[in-house]
Structures are given as C-alpha cells and as structure tokens.
Amino acid sequence: MPDNPEFWSEKKIKESPNRFHNVATTFGKSKIKDAEGGDLYLHCLDIDSEEVLKRVHGLLKGEWQTKTFVTKTQKDCGHHVYWFEHSSQNSPITTEYCKKGHEFEIKCGKALCTLPPSRHRDNPLFHYESIGLQDKIMIADGLYDNLINELLKDCLKPKKITRKVSDSKPVLSIIENNAKSKQEDEDSRIMRSILSEDQIEKSIEYLVHYYQHTTRHKFAFGFSGLVCHPTRLDSSMK
C-alpha cells in the first residue's frame, strides 16, 4: 500500500474492491467536523456481555439503532455502537476495568473495530453486519460520562477512571513522577543479569496462565517492562 495516507480516494476504493478483504476504523480525533467546524472525536461502545446488553437494550433498540451507526458482532450479545463527542479528554475503558460477567469496552483512543461486511478474524464464516444507520454517526456529548457514571456504573470494578491531560498522557502526581524517575535512575545503575534455562522454564510455567485472550497484549507490554528490571523480577519470583 502507498505511504501517502491521502492516496486512497472514494473513487479509487470503488475501482479496486478486489484489493480489500476486511476494513476497520480507529478512534479519537476524526476529519469530520460539526456544523460550526469544531473537532469531533469518535467513540464506540463495545457490548461484550449479556448483563451490559440488558442495561442498554432499551437505548439500543429504541434510540441508537435509529440515530447512529451500529454493528452486530459475533457474540449473541455483541454490538458496536458508534458516536461522536467534542471532548478529547475521555479515556478508553477496557474489559479489565469490568466485573466478571459485566464486560464492555469504550473505544476512544488507540484501538480498532472491524466494520461490515468484513469477516471475523477468528471465524471466516461470520461477517459483521450493520443494524443501524449506514450513513450517519450521531453527536452525543456526555454519553461517555452517562455510561460510566450511570448506566454501566455497577459493571465497573471499584477503581478510579483517570482522564487524559492535553498531552494525551495519563494524569500522574508530581510525587509519583519524581518517585518513578528516581527508581528508574537507580535501576539503570544495576548490572542486568541473564536468566538460566531453568529460570526461563520456571518463568514460563508460572506466567503462562496469565497470558489470556482478552488481556494478552496488556500482559505482554507490562511483562516486557518488568523484565527490563531483573532485580524486580527476581524479588517477585522468590
């Protein structure tokens, strides 16, 4: 594919359908503007459990499907509901924030969602289907807050949801930042050790149970950071 992101026009895409098998979208700031030219940020509610579907079923059938782009996913309860907000301060919600059996996600940052009529990555027999409007995404300022503070509040674990500051980094206190920097400076002075074959085998046996389908990427990133500091790894496995 060309490096120029502007290369594909609507006309070129229509002329080359055989070059595309699946299609997806990402989230956050979009090129679409509101009537006054203001920036809009794309969000998506990923309904991933029966409990969450029960809580939003009335809105899904009575409002969302008639006002915005909604897709049906592979799970019986699975739906993707799309909307725009003017706020860039909302943080993504992933299933790790949720109680067991109450899973959902709100995608509004670095994430992807497969779009119709693409096939599911793990099931080539399933195709995503549009069940709402196909040519419109609603602007619904405050829906994010309403979901996490009202409609789905009891689906979340008792954990504070932080918002992003203007540089898109998680909010950390000055004390936390200073403590983190000092610890990193101290760790960088420690000579890094090399694990033996026996230690590697024991590590795999211990950690393989935590490499689960829905959280494997977060585990991989977290574990990669941990093993950069062998002294922490050694102490955690004693």
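No value in this document is a laboratory result; all are computed from the given coordinates. Fair warning: this is a prediction, and the values are worked out from it, not measured in the lab. Ideal geometry is used to build each Cβ from the backbone, glycine not excepted, and the neighbour counts take in all protein chains shown.
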If r is the Cβ-Cβ distance from Phe20 to Ser196 and R0 is 35 Å, what FRET efficiency results, to the nearest 0.05?
-> 0.10
Shape of region 10-155 from its Cα gyration tensor (a ≥ b ≥ c, root eigenvalues): rounded if a/c is under 1.5, otherwise prolate when a/b > b/c, or oblate?
-> oblate
Distance between Cα centroids, region 32-57 to region 133-157: provide it in whole Å.
-> 6
Express in % the proportion of alpha carbon pairs of region 1-77 at distances exceeding 20 Å.
-> 56
Paramagnetic label zone (point 7 Å from Cα along Cα-to-C-beta, Ile32; backbone N under 17 Å) in region 57-95 = 64-72, 80-88
